[in-house]
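Contents: one structure, followed by commentary.
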Amino acid sequence: QVQLVESGGGLVQAGGALRLSCGASGRTFSDYYMGWFRQAPGQGREFVGGVSWDGSTTYGDSTEGRFAFSRDNAKNTMYLQMSNLKPGDTAVYYCAADLRPIPLNRDYGYRYWGQGTQVTVSS
């Protein structure tokens, strides 16, 4: 089992920035691919991006250039740095983990999930 806990969400004005964290416990963190998803009201989960054990990153379609992903394997933590936030970024943000997510950009590829953290961007 892998337990994931997100933190860092909140209310921010458009154009602002936030950094989300995802802390993991239970298994060897560095073995897992870590992904970020978000879910706006009435919509499905959207792949935001993710980071593999060696730090290589993959971006979702709507976030490249504004979002950055990183991880600190020594701290069992993954980060999502968001900048130039837009009202359309408002959603619950989830972190997810899997040894080999297939497909990488779909929620059903991941076995473990956090509880989510709310990000609200005001205009």
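The values are calculated or read from the model by the stated rules, or taken from the named source; none is laboratory data. Quantities reported herein were computed from a predicted structural model and do not represent experimental measurements. Ideal geometry is used to build each Cβ from the backbone, glycine not excepted, and the neighbour counts take in all protein chains shown. Just the protein is used for accessible areas: all its heavy atoms, side chains included, with ligands, DNA and RNA removed. Shrake-Rupley method; radii C 1.70, N 1.55, O 1.52, S 1.80 Å.
Out of everything in the stretch 45-58 that is among the polar types (S, T, N, Q) and free of Cβ contacts under 8 Å to residues at least 24 places away in the same chain, what residue ends up being least open to solvent (accessible area, probe 1.4 Å)? Steps first, please.
Residues of the stretch 45-58 that are among the polar types (S, T, N, Q), as a first pass: 52, 56-58.
Now drop any that are not free of Cβ contacts under 8 Å to residues at least 24 places away in the same chain, which leaves 52, 56-57.
On the way: Ser52: 17, Ser56: 61, Thr57: 56 Å².
Selected residue: Ser52.
Looking at (1) within 13 Å of Glu46 (Cβ to Cβ); (2) surrounded by fewer than 18 Cβ atoms within 10 Å (Cβ to Cβ), which is the one condition that is false for Arg100?
Just one mismatch for Arg100, condition (1).
Determine, yes or no, whether Thr90 is open to solvent by less than 60 Å² (accessible area, probe 1.4 Å) and out of contact with any Phe, Trp or Tyr (no Cβ under 9 Å at 6 or more places or on another chain). Let's see the steps before the verdict.
Values: open to solvent by less than 60 Å² (accessible area, probe 1.4 Å): yes; out of contact with any Phe, Trp or Tyr (no Cβ under 9 Å at 6 or more places or on another chain): yes.
So Thr90 fits the description; yes.
Pairs please, first residue from the stretch 73-93 and over 17 Å from Gly35 (Cα atoms), second anywhere and assigned to a loop (DSSP other than H, G, I, E, B) and of a type outside the set (Gly, Ala, Ser), Cβ atoms under 7 Å, 6+ apart in sequence or on different chains.
Final answer for the pair search is Ser83/Arg66; Asn84/Arg66.
On the basis of being part of a loop (DSSP other than H, G, I, E, B) and within 26 Å of Ser122 (Cβ to Cβ), does Gly15 make the cut?
Numbers: part of a loop (DSSP other than H, G, I, E, B): yes; within 26 Å of Ser122 (Cβ to Cβ): yes.
Taking the combined requirement at face value, the residue satisfies it.
So, in the stretch 1-44, of the ones that are basic (Lys, Arg) and surrounded by fewer than 19 Cβ atoms within 10 Å (Cβ to Cβ), which residue ends up modelled with the lowest pLDDT? Spell out the reasoning first.
Applying the first criterion (basic (Lys, Arg)) to the stretch 1-44 yields 19, 27, 38.
Right, trim to surrounded by fewer than 19 Cβ atoms within 10 Å (Cβ to Cβ) and you get 19, 27.
Working: Arg19: 98, Arg27: 85.
Looking at the filtered set, the residue picked out is Arg27.
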